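Just below is one structure, and these are the notes that go with it.
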Amino acid sequence: MRWGTRLRFVTPLACVAGCLFAPSPAHATSFVVKCASTHVASDDPIVFPGQAGASHRHEFYGARGVTAASTAAQLHRSPSSCRLRADTASYWAPTLEVDGRLVRGSLAAYYTRGAKPRAAALPAGLKLVAGDMRAAAPQSMRVTDWQCVGGRARTLAGAPVQNPHLRTVPTTCRADQRLGAWVRFPDCWNGRDLDTADHRSHLAYASPKGACPASHPVAVMQLQLLITWPVRPRGASRITLAGGRLGATGMHADFWNTWQQPTLRQLRWNCIEVAANCGELSSGSTRYSMPWPAPEFGAPGVVGAGSGAMSPSMPMSAGCDCCAPGSASPVAFSRRTSSTCVA
């Protein structure tokens, strides 16, 4: 079977859009998609489905036209604000205000394996919230932090200076930088639920060494969101979220996986399983083509098994970059490059 999508590799992940730096786990095997803001609304189709105006204020990215009443089928068919048009997922986070003034942002979605030996594609239809809106103190940096993003500063060797991640909003960003906030989603799935009552407990975070807990045995790719705003707060600045209803410590984000799932699964294979750092992706004229040699195996009882779930018992393909999932033997490929397998 041959299946391809038209993708363009813009630049290595180490320096995208003015050098947006991801935490170190996002460097090794990953890809990133950048998305513009679509709109601002007091809606939340995960927490308050069908209840227009019931939420605090959010800024939305990705799928266009998202409302409290949106369905997965509608989002899957929607146009996208992402540079890779196949990313029709929906991402949203509380709006940011500086001294009461709304500042619109932009988003970069990093998909990475992290420290795990393998990672399945996020299952189609997954709904998830990361971060604590009620946090009165800075949250764990495993979940969210702040950063001055970009800039032209270089080391003596000519490499871009990597700006530190901070638990609180930085007030010393340079004139050529933007304010950024990271939100990292958990990456171990229970293999069963696409959502739960708290929108959190169906996933858990892997350990620093990449181990998933027994309660959540299915390792999936980690989504790390970097939201940036064209603003540089100072010490006297008043930073609020969600139209002033939350302090900066309440940073969080929501994700609804309504990707064009065949593309997400292809990217998992090309950029994460084969261990190629694909960098920033966008729709374009370059053909990035490979067959999908076999469906991923779903955990027992999974809703929509085969749409991205990988069994924790699925064997590794040691020393075989172009192996079908679950096999130690390579698929019959006529050509192998550093970042893709082509039949």
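The values are calculated or read from the model by the stated rules, or taken from the named source; none is laboratory data. No experiment lies behind these values; they were computed from the predicted model shown. Every residue, glycine as well, gets a Cβ built from its backbone with ideal geometry; the counts of neighbours run over all protein chains shown.
For segment 136-144, indicate whether the set of residues that are crowded, with 22+ Cβ neighbours inside 10 Å and within 19 Å of the chain's Cα centre (by Cα) is non-empty. Yes; the residues of segment 136-144 include at least one that is crowded, with 22+ Cβ neighbours inside 10 Å and within 19 Å of the chain's Cα centre (by Cα).
Evaluated against (1) over 26 Å from VAL47 (Cα atoms); (2) modelled with pLDDT of 95 or more; (3) surrounded by 21 or more Cβ atoms within 10 Å (Cβ to Cβ), ALA211 falls short on exactly one condition, (3).
Inspect segment 24-42 for any residue being of a type in the set (Lys, Arg), in a loop (DSSP other than H, G, I, E, B) and modelled with pLDDT of 95 or more and give the result as yes or no. Taking every residue of segment 24-42 in turn, none turns out to be of a type in the set (Lys, Arg), in a loop (DSSP other than H, G, I, E, B) and modelled with pLDDT of 95 or more. Which of the residues belonging to segment 143-164 are part of a loop (DSSP other than H, G, I, E, B) and at pLDDT 95 or above? Correct list: VAL143 only.
Total residues in segment 249-302 satisfying the condition of being in contact with a Phe, Trp or Tyr (Cβ under 9 Å, 6 or more places away or on another chain), small (Gly, Ala, Ser) and at pLDDT 95 or above: the figure is 1. Among the residues of segment 156-176, are any more than 19 Å from SER30 (Cα to Cα), surrounded by 18 or more Cβ atoms within 10 Å (Cβ to Cβ), without any contact (Cβ under 8 Å) to a residue 60 or more places away in the chain and of a type outside the set (A, V, I, L, M)? Looking through segment 156-176, none of the residues is more than 19 Å from SER30 (Cα to Cα), surrounded by 18 or more Cβ atoms within 10 Å (Cβ to Cβ), without any contact (Cβ under 8 Å) to a residue 60 or more places away in the chain and of a type outside the set (A, V, I, L, M). Applying the selection to segment 222-241, what residues are of a type in the set (A, V, I, L, M) and either modelled with pLDDT of 95 or more or part of a strand (DSSP E or B) (or both)? Within segment 222-241, LEU223, LEU225, LEU226, ILE227, VAL231, ILE239, LEU241 qualify. The selection criterion, being surrounded by fewer than 20 Cβ atoms within 10 Å (Cβ to Cβ) and within 29 Å of ARG238 (Cα to Cα), holds for ALA54.
Only strands (runs of 3 or more DSSP E) whose full extent lies in segment 60-131 are considered here, and the ones with at least 3 residues that are touching a strand residue (DSSP E or B) at 6+ places or on another chain (Cβ under 6 Å) and closer than 22 Å to ASP193 by Cβ are 90-94, 127-131.
Quick grid of which residues meet (1) within 20 Å of the chain's Cα centre (by Cα); (2) surrounded by 20 or more Cβ atoms within 10 Å (Cβ to Cβ); (3) within 21 Å of GLY250 (Cβ to Cβ):
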residue	(1), (2), (3)
ASP43	no, yes, yes
PHE48	no, no, yes
ALA63	yes, yes, no
THR67	no, no, no
PRO79	yes, no, no
ASP99	no, no, yes
LEU128	yes, yes, yes
GLY131	yes, yes, yes
ARG134	no, no, yes
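Taking the condition within 22 Å of ALA41 (Cα to Cα) and crowded, with 19+ Cβ neighbours inside 10 Å, does LYS116 pass?
On the way: within 22 Å of ALA41 (Cα to Cα): no; crowded, with 19+ Cβ neighbours inside 10 Å: yes.
Here the answer is no, as LYS116 does not meet what is asked.
Looking only at residues in segment 212-221 that are in contact (Cβ under 8 Å) with a residue 12 or more places away in the chain and assigned to a loop (DSSP other than H, G, I, E, B), the one that is nearest to the chain's Cα centre (by Cα) is MET221. Condition check: hydrophobic (A, V, I, L, M, F, W, C) and touching a Leu at 6+ places or on another chain (Cβ under 7 Å). Does ALA214 satisfy that? So ALA214 does not fit the description; no. Determine if segment 231-249 includes at least one residue that is out of contact with any Pro (no Cβ under 6 Å at 6 or more places or on another chain) and surrounded by 23 or more Cβ atoms within 10 Å (Cβ to Cβ). Within segment 231-249 (the criterion being out of contact with any Pro (no Cβ under 6 Å at 6 or more places or on another chain) and surrounded by 23 or more Cβ atoms within 10 Å (Cβ to Cβ)), the answer is no, since none of the residues qualifies. Name the pairs: first residue in segment 194-210 and outside any strand (DSSP E or B), second residue among the polar types (S, T, N, Q), Cβ to Cβ under 9 Å, at least 6 apart or on different chains? The qualifying pairs are LEU194/ASN257; THR196/ASN190; SER201/ASN190; HIS202/ASN190; HIS202/THR196; TYR205/GLN222; ALA206/GLN222.
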